[in-house]
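Q: The structure that follows is given in the form of C-alpha cells.
The values are calculated or read from the model by the stated rules, or taken from the named source; none is laboratory data. Owing to the predicted nature of the structure, the values given are computational and were not obtained by experimental measurement. Positions of Cβ are backbone-derived with ideal geometry, glycine not excepted, and every protein chain shown enters the neighbour counts.
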Amino acid sequence: MDLHTPTLHTDRLRLRPFDDADADALYAMQSSAHVLRYWDAPPWTERDRAVKFIAKCRQMAEDGTGARLAVDRVEGGAFIGWISLTRWNPDYRSAALGYCFIEDAWGHGYATEAAHAVLQWAHETLDLNRVQAETDTRNVGSARVLEKVGFVHEGTLRQDCVVNGDVSDSWVYGLIRSDWSSETTGTG
C-alpha cells in the first residue's frame, strides 16, 4: 500500500516530502556530532548517505510503512530538519514518531509544532490508536517535545544504545488515542 506523504503547513513551518535538492542540507545536519550526540547511530561521514536516506523516504511511502517529511521554515524557506511517522501498522493502528533538527532550530518550538502537525495528520488519516517514541535519557529537550504534544513516559530501556562506545538508556513514550488532543497548540 502506498502511504501518501503529505505536505503540511503550520504558522511557521512547511512539512513536505523530501526531494533530491535536500541532500546537502540533510548531510550537513546528519554529519554533525553535536546534533547527533544523543542519536542511536554515529554522524554520517559520506554525502551519499543523504542520497540513500532520501531514497529510503520514498521507498517507505511506497511500501506503506511510514512517512518522513522535510521541515522548512516558512519565512525564508530554509531546511531545519525532518520528522517521521514510521513502523505504521494498520492492523494494530500504531506507528512510531521520530525527528531530527539542526542546532539553530533548537529551543524555538519547531519540533513541537512539527510533531503536532504530523500527529494531527496521522490521527485524521491513519486512525491511529497508539504512537510510540523513544529518546536518550540525556536528551531532556526531546522528552519535553514529546510531553508537550501529549506523550506519556512509559518506561526506560536500560543500556539500549551504544554509540561511539558510549552506553546509554532510552526513555519510552506512548501516545494513545484517548490522550490525543487536537487542541494542543503545537508550539512553544
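Q: Please go through segment 59-93 and pick out each residue that is in contact with a Lys or Arg (Cβ under 9 Å, 6 or more places away or on another chain), within 20 Å of Q30 (Cα to Cα) and exposed (fewer than 15 other Cβ atoms within 10 Å of the Cβ).
A: Selection gives G77, T86.
Q: Restricting to segment 2-27, give me the number of residues that are of a type in the set (A, V, I, L, M, F, W, C), more than 20 Å from S142 (Cα to Cα) and modelled with pLDDT of 95 or more.
A: Total meeting the criteria: 5.
Q: Given the residues P42, P6, which is the only one that is in contact with a Phe, Trp or Tyr (Cβ under 7 Å, 6 or more places away or on another chain), farther than 17 Å from W106 by Cβ and surrounded by fewer than 20 Cβ atoms within 10 Å (Cβ to Cβ)?
A: P6 is the lone residue from the list that is in contact with a Phe, Trp or Tyr (Cβ under 7 Å, 6 or more places away or on another chain), farther than 17 Å from W106 by Cβ and surrounded by fewer than 20 Cβ atoms within 10 Å (Cβ to Cβ).
Q: Kindly check whether there is at least one residue in segment 102-125 that is surrounded by 13 or more Cβ atoms within 10 Å (Cβ to Cβ) and under 16 Å from D40 (Cβ atoms).
A: For segment 102-125, residues surrounded by 13 or more Cβ atoms within 10 Å (Cβ to Cβ) and under 16 Å from D40 (Cβ atoms): absent.
Q: Then there's this: Name the single residue, out of those in segment 9-38 being aliphatic (A, V, I, L, M) and assigned to a loop (DSSP other than H, G, I, E, B), that is surrounded by the fewest Cβ atoms within 10 Å (Cβ to Cβ).
A: A33
Q: A further question on this structure: Among the strands (runs of 3 or more DSSP E) confined wholly to segment 39-125, which include 3 or more residues that are without any contact (Cβ under 8 Å) to a residue 40 or more places away in the chain and either more than 21 Å from D20 (Cβ to Cβ) or in contact with a helix residue (DSSP H, G or I) (Cβ under 9 Å, 6 or more places away or on another chain) (or both)?
A: 79-89, 94-101
Q: In segment 126-161, what residues are basic (K, R) and not in a strand (DSSP E or B)?
A: R138, R144, K148
Q: Taking segment 36-73, which residues are touching an Asp or Glu at 6+ places or on another chain (Cβ under 7 Å) and at pLDDT 95 or above?
A: The answer is I54, A70.
Q: Could you please tell me which pairs satisfy a Cβ distance under 9 Å, a separation of 6+ or placement on different chains, a first residue in segment 132-149 that is over 14 Å from G98 (Cα atoms), and a second residue that is part of a loop (DSSP other than H, G, I, E, B) and at pLDDT 95 or above?
A: From segment 132-149, the pairs are K148/G109.
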